[in-house]
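Report on the structure given below.
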Amino acid sequence: HFAQRLIYDGDANGNNGMVVIPTAYDTFKNNDLRKSTWMLIGTQYQLTNPTQPVQGTEEYRGKPLSEAKYWSNDWIMYRLTDIYFYKAEALMRKNGGTAVPEALRLVNEVHSRAFKASDVAQETYTAATLTLPELLAERGRE
């Protein structure tokens, strides 16, 4: 996030955005809310002049963004979602690659928020649909 330097008293800032390659983008279902709320598709236009496309930050190209020589970003951030997926993966690998109830609970708890309430039942993973490749793909979508 662009304000992480101020929040965590570090020297580095995030970029406040992400770029997704088409093959990764295409793994999202059309009813997946992450696809429509986390990503901006197509040309973006300036807020103050809606006819003018955003060109990025060319004014900083080739210039140093910080005078810092030694970064004080010796902290890490991770999401609780990552921990859920790590545990689910470990449980599945321990069980020969098959989803156990706890792995299903962890993954579905995260996965369910990606859909409207009316879509959750049909999108819920089962022991048959949550395979290791699908778990890793879902983790990638997260």
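The values are calculated or read from the model by the stated rules, or taken from the named source; none is laboratory data. Please read these numbers as outputs of a predicted model, since none were measured by experiment. Heads up, the Cβs are rebuilt from the backbone with ideal geometry, glycines too, and the neighbour counts pull from every protein chain shown.
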Count, please, the residues in region 39-55 that happen to be β-branched (Val, Ile, Thr) and either under 29 Å from Glu142 (Cβ atoms) or surrounded by 10 or more Cβ atoms within 10 Å (Cβ to Cβ) (or both).
3
Can you pull out the residues in region 37-51 that are part of a loop (DSSP other than H, G, I, E, B) and either of a type outside the set (Gly, Ala, Ser) or in contact with a helix residue (DSSP H, G or I) (Cβ under 7 Å, 6 or more places away or on another chain) (or both)?
Trp38, Met39, Leu40, Ile41, Thr43, Gln44, Gln46, Leu47, Thr48, Asn49, Pro50, Thr51
Scanning region 85-115 residue by residue, those charged (D, E, K, R) and at pLDDT below 95 turn out to be Arg113
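Output the number of residues of region 106-142 satisfying the condition of being part of a loop (DSSP other than H, G, I, E, B), surrounded by fewer than 18 Cβ atoms within 10 Å (Cβ to Cβ) and touching a helix residue (DSSP H, G or I) at 6+ places or on another chain (Cβ under 8 Å). Give the derivation first.
Of region 106-142, the ones part of a loop (DSSP other than H, G, I, E, B) are 115-116, 124-131, 142.
Next, only the ones that are surrounded by fewer than 18 Cβ atoms within 10 Å (Cβ to Cβ) stay: 116, 124, 126-129, 131, 142.
Applying the additional criterion that residues be touching a helix residue (DSSP H, G or I) at 6+ places or on another chain (Cβ under 8 Å) yields 116, 124, 126-127, 142.
Looking only at that region, the number is 5.
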Those residues of region 121-142 which are over 16 Å from Leu91 (Cα atoms), of a type outside the set (A, V, I, L, M) and more than 17 Å from the chain's Cα centre (by Cα), in sequence order:
Gln122, Glu123, Thr124
Can you name the residue in region 86-105 that is outside any helix (DSSP H, G or I) and small (Gly, Ala, Ser) and is also surrounded by the fewest Cβ atoms within 10 Å (Cβ to Cβ) among such residues?
Gly96
